[in-house]
Amino acid sequence: MVVIEDLISTGKSSLQAVEALRESGLHVVGMVAIFSYGFAIANQNFEDAKVPLVTLSNYNSLIEQAVETNYIDKTELQTLHDWRVQPETWKK
């Protein structure tokens, strides 16, 4: 079975669903998500759980498109980068 998810941040809740499915005797071959922030912790969590993850889009693509369409200004990129690097401590 392939699990489909909308958003991956740390992967914790998604991987809990995978674990519940596995405990029920189902064979989970991987997960597909619409979007991922691409946090290192998520990558590590999926690797540790041995769950391949494929996403349709990600944070970097979103930011590129936002700049290209003038939704955000290039001067805002540093703020967005800072949040992406450490969202748990950003602006605390």
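A few notes on this one:
- On the principal axes of its alpha-carbon atoms, the chain has extents of 50, 29, 15 Å, going from largest to smallest.
- Under Karplus coefficients 6.51, -1.76 and 1.60, residue-wise ³J(HN,Hα) of region 21-35 in Hz, glycine/proline x: 5, 5, 5, 7, x, 8, 9, 9, 8, x, 9, 10, 10, 6, 9
- Largest to smallest accessible area among R22, R84 [probe 1.4 Å]: R22, R84
- Net charge of neighbours whose Cβ lies under 14 Å from the Cβ of K50, counting Lys and Arg as +1 and Asp and Glu as -1: -2
- Mean separation of Cα contacts under 8 Å (6+ apart) over length of the chain, as relative contact order %: 26 percent
- Estimated from helices alone, the mean residue ellipticity of the chain at 222 nm is -13000 deg cm²/dmol (sum of -39500 (n - 2.57) over DSSP H runs with n ≥ 4, per residue).
- Within the accessible area of region 5-92 (1.4 Å probe), percent carbon and sulfur: 53 percent
- Sparse-neighbour loop sites [GluC sites (Glu not before Pro); the chain; at most 11 other C-beta within 10 Å; DSSP]: E88
- Sequence-distant residues sharing a close amide H with E5 (under 5 Å, placed H): V32, A33, I34
- Accessible area (Å², per residue) of the chain, counting only protein heavy atoms and a probe of 1.4 Å: 70 Å²
The values are calculated or read from the model by the stated rules, or taken from the named source; none is laboratory data. Just so we're clear, the structure is a prediction, and the values are computed from it rather than from any experiment. We place every Cβ from the backbone using ideal geometry, glycine too, and count neighbours over all the protein chains shown. Accessible surface areas use protein heavy atoms only, side chains included; no ligands, DNA or RNA. Shrake-Rupley method; radii C 1.70, N 1.55, O 1.52, S 1.80 Å.
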